[in-house]
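The values are calculated or read from the model by the stated rules, or taken from the named source; none is laboratory data. Predicted model only: the values in this text are computed from it and were never measured. Quick reminder, even Gly has a Cβ in these numbers, built from the backbone with ideal geometry, and neighbours come from all protein chains shown.
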Amino acid sequence: MMSFLSGLGLGLSLILAIGAQNAFVLRQGLRGEHVWAVVLVCSLSESVLVTSGVLGLGALVEAAPWILPMFRYGGAAFLLAYGARAAWAAWIGGAALRAEGQGGSLRRTVLTALAITWLNPHVYLDTVILLGSISTQYPAPLLFGAGCILAAWIFFTSVGFGAALLRPVFARPAAWRVLDGMIALVMWTIAASLLSA
């Protein structure tokens, strides 16, 4: 039980940091658009990544040094483009218009969630390598991983559906502009950190 609770606690502490994935889940939750799909994509992806780390994929990533740079540059390019899109929406108020029923398709939303998750090299460092190596310090590594996975499901579900409580604040177009501006800054900051690593 100690392994499971440790995984739950560490999983929550790692996932709470503001990042591209969390900002995207929050935005979709505020818009009320394809929330179940986004929560499922992010939670299932996290489950696969944590399981891979606990089962030893971190060693493979460390043995093939070309993998992380490939994800770093691809992820940075994607985040720069997504940040530019968010900045443009902040400038013209596009998010407010989409929030009134002109949002993206389910396919596009799912592909964006997958790209934000799987093109981010930080996710491999945090979930596959870090959690994978920490899991070996517990008597039941699989239970540790299960705790981390539960943390992801709790977090993404809470953010995705809990965002509805903030919708009255986002009834004003100015609030959407501020959120899109903040999302652009988060995306660009993460992209810059990837390129400077």
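Here are the criteria: (1) at pLDDT 80 or above; (2) over 21 Å from TYR82 (Cβ atoms). Tell me which single one LEU130 does not satisfy. Of everything listed in (1) at pLDDT 80 or above; (2) over 21 Å from TYR82 (Cβ atoms), LEU130 misses just condition (1).
Determine whether the stretch 162-173 contains at least one residue that is of a type outside the set (A, V, I, L, M) and closer than 30 Å to MET2 by Cβ. Yes: the stretch 162-173 contains one or more residues that are of a type outside the set (A, V, I, L, M) and closer than 30 Å to MET2 by Cβ. Taking the listed residues SER13, SER47, SER105, the one that is more than 26 Å from PRO168 (Cβ to Cβ), in contact with a helix residue (DSSP H, G or I) (Cβ under 9 Å, 6 or more places away or on another chain) and either modelled with pLDDT of 85 or more or among the aliphatic types (A, V, I, L, M) (or both) is SER47, with no other qualifying. Residue under question is GLY19, and the condition is that it be modelled with pLDDT under 95 and within 21 Å of ARG107 (Cα to Cα); does it hold? No, not satisfied. Under the condition of being of a type in the set (S, T, N, Q), in contact (Cβ under 8 Å) with a residue 24 or more places away in the chain and farther than 20 Å from ASP180 by Cβ, the residues counted in the stretch 1-48 number 5.
Comparison of TRP153, TRP188, TRP176 shows that the only residue that is outside any loop (DSSP other than H, G, I, E, B) and under 13 Å from the mean Cα position of the chain (by Cα) is TRP153. Only one entry in THR127, THR109, THR117 is in contact with a His (Cβ under 8 Å, 6 or more places away or on another chain) and either touching a residue at least 40 places away in the same chain (Cβ under 8 Å) or in a helix (DSSP H, G or I) (or both), namely THR109.
Does at least one position in the stretch 164-187 carry a residue that is without any contact (Cβ under 8 Å) to a residue 40 or more places away in the chain, among the β-branched types (Val, Ile, Thr) and surrounded by fewer than 18 Cβ atoms within 10 Å (Cβ to Cβ)? Yes, that holds for at least one residue.
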